[in-house]
Amino acid sequence: MTAEQSDAELDREQMRAVAQVQRWHDFKAHLGAYLLINTVLIIIWGATGGGTFWPGVSLAAWGLGLSSQHFLNSFSPITAERVRRELRRVRDR
């Protein structure tokens, strides 16, 4: 293996690592928004006298999306091919 091939392999590994870190960063931001907004909705619900727990709709629907994002982040590894496809897509804009 030449030094050039070794550098290219390192670049691919770095790109995969950066992409994975970005996905987890995005998930954490999404989780923060979910917690903040749903907490506000629950406070509003409680302040208006309770009754039917309507914030449950937001909790369930948004929670489903959040859990699917977590699943994809956990079980869908970033491969060199996926990184190449994304780079091509960005370059073709």
TODO: Report ³J(HN,Hα) in whole Hz for each residue of the stretch 29-36, in order, from the Karplus equation J = 6.51 cos²θ - 1.76 cosθ + 1.60 where θ = phi - 60°; Gly and Pro get x.
DONE: 5, 5, 4, x, 5, 4, 5, 5
- [ ] Using the Karplus curve 6.51 cos²θ - 1.76 cosθ + 1.60 with θ = phi - 60°, work out ³J(HN,Hα) for each residue of the stretch 80-93 in order, rounded to whole Hz, and write x for Gly and Pro.
- [x] 4, 5, 5, 5, 4, 4, 5, 4, 4, 4, 5, 5, 7, 5
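How many Å² of accessible area per residue for the chain, probe 1.4 Å?
Working: 6900 Å² over 93 residues.
So the chain comes to 74 Å² accessible per residue, rounded to a whole number.
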TODO: Read phi for every residue in the stretch 60-69 and hand back ³J(HN,Hα) as whole Hz from Karplus 6.51 cos²θ - 1.76 cosθ + 1.60, θ = phi - 60°, with x for Gly and Pro.
DONE: 6, 5, 5, x, 4, x, 5, 5, 5, 5
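Of the listed peptides 81-92, 11-22, what is their order by residue-averaged count of other C-beta atoms within 10 Å, with the highest listed first?
Values: 81-92: 10.6, 11-22: 12.9.
So the peptides 81-92, 11-22, ranked by packing, come out 11-22, 81-92.
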Task: Approximate spin-label separation Arg85-Glu13, in nm, with each point projected 7 Å along Cα-to-Cβ - done: 2.4 nm
Open item on the list: Need one number: the % of Cα-Cα pairs in the stretch 1-92 sitting beyond the 21 Å mark.
Closed with: 53 percent
Task: Positive-end extreme of charge dipole, the chain - chosen from Trp24, Gly49, Leu35 (charges on Cβ) - done: Gly49
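With +1 on each Lys and Arg Cβ and -1 on each Asp and Glu Cβ, how big is the dipole of the chain about its Cα centre, in debye rounded to the nearest 20?
Numbers: 11 positive and 9 negative charges, 62 e Å.
Rounded to the nearest 20 debye, it is 300 debye.
The values are calculated or read from the model by the stated rules, or taken from the named source; none is laboratory data. In this text the structure is predicted, and so the values were computed from the model without any measurement. Note that each Cβ is placed from the backbone with ideal geometry, even for glycine, and that neighbours are counted across all protein chains shown. Note: areas computed on protein heavy atoms with side chains; ligands, DNA, RNA excluded. Shrake-Rupley method; radii C 1.70, N 1.55, O 1.52, S 1.80 Å.
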